[in-house]
1. Checking the structure you have, find out if any residue of region 87-104 is acidic (Asp, Glu), over 25 Å from residue 207 (Cβ atoms) and at pLDDT 95 or above.
2. Answer with yes or no whether residue 145 is of a type outside the set (Phe, Trp, Tyr) and not assigned by the TED database to the domain that holds residue 71.
3. Test of understanding: among 335, 301, 358, 327, which residue is farther than 21 Å from residue 43 by Cβ and not assigned by the TED database to the domain that holds residue 238?
4. From the set of residues in region 234-280 that are in contact with a Gly (Cβ under 9 Å, 6 or more places away or on another chain) and either among the polar types (S, T, N, Q) or over 29 Å from residue 345 (Cα atoms) (or both), which is modelled with the lowest pLDDT?
5. When you scan region 89-106, how many residues do you find that are open to solvent by less than 40 Å² (accessible area, probe 1.4 Å) and out of contact with any Leu (no Cβ under 7 Å at 6 or more places or on another chain)?
6. Among the numbered criteria (1) more than 21 Å from the chain's Cα centre (by Cα); (2) over 18 Å from residue 284 (Cβ atoms), which single criterion is violated by residue 257?
7. Going by the conditions given, is residue 140 crowded, with 24+ Cβ neighbours inside 10 Å and in a helix (DSSP H, G or I)?
8. For region 274-307, name all the residues that are within 19 Å of residue 185 (Cβ to Cβ), open to solvent by 20 Å² or more (accessible area, probe 1.4 Å) and without any contact (Cβ under 8 Å) to a residue 40 or more places away in the chain.
Amino acid sequence: MATAGKVIKCRAAVAWEPTAALMMEEIEVAPPQEGEIRIKVVATGVCHTDLYHLFEGKDKRGFPTVLGHEGAGVVESVGPGVTDFKPGDKVIPLFLSQCGECKFCKCPKTNLCDRNWSSKYHDIMSDPTTRFTCRDRPILQFMGTSTFSEYTVINQIAVAKIDDDAPLERVCLLGCGISTGYGAAVNTAGVTPGSVCAVFGLGAVGLAAVMGCKNAGASRIFAVDINEQKFEKAKVFGATDFLNPKAYNKPISEVLAEMTNGGVDFSLECVGNTEVMRTALESCVKGWGVSVLVGWTDVKDFSARPIQLISGKTWKGSLFGGFKSKDSVPNLVCDYMTGKIKLDEFITHKMSLEQVNDAINLMKTGQCIRCILNISK
């Protein structure tokens, strides 16, 4: 491509400081270095983790930054040493890398990677090394991806090559939320046929967890949320029962215990709220109940009574649904294209990059499941 080896000037939504509105800016995107790929971003979802960094994490060392980590695009150019990608390839950037060489990548028990940005910089959610500049200042690349930009540069260990026929404005969702919730059910929890499940929080991640429970063969799936408008959407993904904790004068864990003869087999917390995490654990049946923390947060401690675990329950966490990223995302794209998993049904809004603040407000106020931003043609 004509731009290969040159600095590209393009549009991006820059978060200059915590809690402030994103600003449309012209940024400079440097050419890819050794082992890197420069990607033209076509579409991106707006995920709650973007809002978490902006409104909850608020660590000033993580700004200015370009948010966005749920995107898809086309390879514009590659740096030296890149052999598995070429210009024109359709790809999904990955906030969780897979180098294939570290002790974590070689272990089948985990999908972590020692070379991921989160190994050293989970507090600021960015590696200080960046290929972005704006107004002569370096701009951080959020979660190593930054898909709220027309172009981004990412290490090849954090990029998945996907089917040439994949619709980028749909499969971008597999870069985070849908893979996270779906995998938390089928991989981390290990939902079994005939089991009873409860999913707390019915955003995109929670709905994907419902879909995972359904695909794994659960016989009963409780969808729990204080926003009852989300119940109809949960039904589309396989939920069978619907509970609003505010409609009861007792803890929802007690309500679930009464309705299930002691508690559910599997519960998934998809909110990122430490109190809900405890509730999800307490909603599990003793002896074998499994509760999974899926919602992202790192600003508060969580707690529970030891008897909850002594009685035989298991409490575990899930990052990106337990999927090894580079290996799994292409397969998930194929699963979507063959009808095994849903994506279209998550999309409630479509907007331009210039409308990113409107999209953030929709998510902040619970008015959308997923908004797709069209970044470039």
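1. We begin by selecting, within region 87-104, every residue acidic (Asp, Glu); these are 89, 101.
Filter once more, keeping what is over 25 Å from residue 207 (Cβ atoms): 89, 101.
Those still in the list that are at pLDDT 95 or above too: 89, 101.
Within region 87-104, one or more residues are acidic (Asp, Glu), over 25 Å from residue 207 (Cβ atoms) and at pLDDT 95 or above.
2. yes
3. Values: 335 fails: farther than 21 Å from residue 43 by Cβ; 301 fails: not assigned by the TED database to the domain that holds residue 238; 358 fails: farther than 21 Å from residue 43 by Cβ.
Being farther than 21 Å from residue 43 by Cβ and not assigned by the TED database to the domain that holds residue 238 holds for just one of 335, 301, 358, 327, which is 327.
4. This residue is 273.
5. Final tally of qualifying residues: 10.
6. That leaves (2) as the condition not met.
7. When the stated conditions are applied, residue 140 does not pass them.
8. Correct list: 288, 293.
The values are calculated or read from the model by the stated rules, or taken from the named source; none is laboratory data. All values reported here derive from a predicted model rather than from experimental measurement. Note that each Cβ is placed from the backbone with ideal geometry, even for glycine, and that neighbours are counted across all protein chains shown. Areas reflect the complete protein model, heavy atoms only, side chains present, ligands, DNA and RNA absent. Shrake-Rupley method; radii C 1.70, N 1.55, O 1.52, S 1.80 Å.
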